[in-house]
Structures are given as structure tokens and as C-alpha cells.
Amino acid sequence: MSVYLNVDRMVRNVDHGDVTRETLFQQRSRYKKAGKVAEVEAITEALELTKCAASGVLRQAQRLAANFDGMDSEKALALKATVAAYASKSTDLQASVVLAFQSLFESKGVPMDYDEVSAYLSLYAMDHFEKITGELPIIVH
């Protein structure tokens, strides 16, 4: 079965950045010229579903909810307590972590500014998320 007949797969590919909406528009145009109605309809549906990048986040939340069991109450309470202890100081915590990594990278001869270190930490968090869930977070543009 052609990927261009599988709406769910096209949507997932757009959500994960494996294919762009522009590519789907181009492919739909080719299929229109070739008279392939089923592919045109499937691509049109995928384009409609992916027109708002934020909807990818909602689809990912639904997949995660369907694929993962809830956390047991003891672990959930421990997690909430730990996070709550730092939540009111989250700006200080974030700045402290970024500055610590800036110092680390500087000592290794790789100076980085605040935004670069923040991006590094986000990439690290994305990798951790992928290890836990098997998929990368949806990037909202």
C-alpha cells in the first residue's frame, strides 16, 4: 500500500518532521495530474489534519495516553513533591543550570551563549523523552 493512501501514516510523518506539508502539496498535484483520485483524497485529508502544528501536540498526547499506563500514586506523589519544591524558583533553577553548563562548555573550550545552552538542554530533554516514549516531541513552529 502506498504511503500516500495511508492518512494516519502521512499525518504521523508530518508530525515527526519526516515529510513536509509542502511535499504533500506537491505530491497531491502530481497525483491530480495522473488522475489518482484515492491518493488525492487521502493527501487532502492529511493536509487538513496537519494544517495547525499545535494539533500535532494533541495527537501526540492522545497516543501517549493510549500507550502508557498511569503512574502509581506513590511515584506520582513523590514526583509532584520534588517538582513543587523547585517550581516557585523555576526561573532561578533554569538560569543556574544554564550558567553551570556554560561554565562546563567554556572549560572544554567550547564557549556557548545562553540560547545555545538552552537549545542543548532542550535537545537533551528531547532525547530523554524519545527514550521514554519511543517518539520525539512534536515541534510547534
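Arrange the peptides 86-96, 36-46 so that the one whose residues have, on average, the most other Cβ atoms within 10 Å appears first.
For the peptides 86-96, 36-46, the packing ranking is 36-46, 86-96.
Rounding to the nearest 10 and keeping the result within 0 to 90°, find how far the Cα-based axis of helix 21-34 lies from the longest principal axis of the chain.
So the helix axis and the longest Cα principal axis differ by about 10 degrees.
Per-residue HN-Hα couplings for segment 5-19, Karplus 6.51 cos²θ - 1.76 cosθ + 1.60 at θ = phi - 60°, whole Hz, x for Gly and Pro?
9, 9, 4, 4, 5, 4, 4, 4, 5, 5, 4, 8, x, 6, 9
Hey, any idea what % of the chain's accessible area is carbon plus sulfur with a 1.4 Å probe?
Roughly 58 percent, rounded to a whole number.
Show the residues, 5+ positions off or on another chain, whose built amide H is closer than 5 Å to the amide H of Met112.
Amide H neighbours of Met112: Glu106.
What's the center-to-center distance, using Cα atoms, between segment 76-105 and segment 16-64 in Å?
One Cα centre to the other: 38 Å.
Only loop residues by DSSP count here, and only those with at most 16 other Cβ atoms within 10 Å; note down the trypsin sites (Lys or Arg not before Pro) in segment 38-76 that meet that.
Listed in order of number, the matching sites are Lys51.
³J(HN,Hα) across segment 110-123 via Karplus (A = 6.51, B = -1.76, C = 1.60, θ = phi - 60°), whole Hz, x for Gly/Pro?
Going residue by residue, I get 10, x, 9, 7, 4, 5, 5, 5, 4, 5, 4, 5, 5, 4 Hz, with x marking Gly and Pro.
Please list 3J(HN,Hα) in residue order for segment 49-63, calculated via the Karplus relation 6.51 cos²θ - 1.76 cosθ + 1.60 where θ = phi - 60°; whole Hz, with x for glycine and proline.
So the J values, rounded to whole Hz, are 5, 10, 5, 10, 4, 5, 5, x, 5, 5, 5, 5, 4, 5, 4.
How many Å² of accessible area per residue for the chain, probe 1.4 Å?
The answer is 72 Å² per residue.
If I take every Cα pair under 8 Å that is 6 or more residues apart in the chain, average their sequence separation and divide by the length, what percent do I get for the relative contact order?
Once divided by the residue count of the chain, the mean separation gives 25 percent.
Report, in degrees rounded to the nearest 10, the 0 to 90 angle that the Cα long axis of helix 90-107 makes with the longest principal axis of the chain.
90 degrees
The values are calculated or read from the model by the stated rules, or taken from the named source; none is laboratory data. Given the structure is predicted, the values throughout are model-derived calculations rather than measurements. A quick note on method: Cβ atoms are made from the backbone with ideal geometry, for glycine too, and the neighbour counts reach across all protein chains shown. Please note that ligands, DNA and RNA were not included when accessible areas were found on the heavy atoms of the full protein model with its side chains. Shrake-Rupley method; radii C 1.70, N 1.55, O 1.52, S 1.80 Å.
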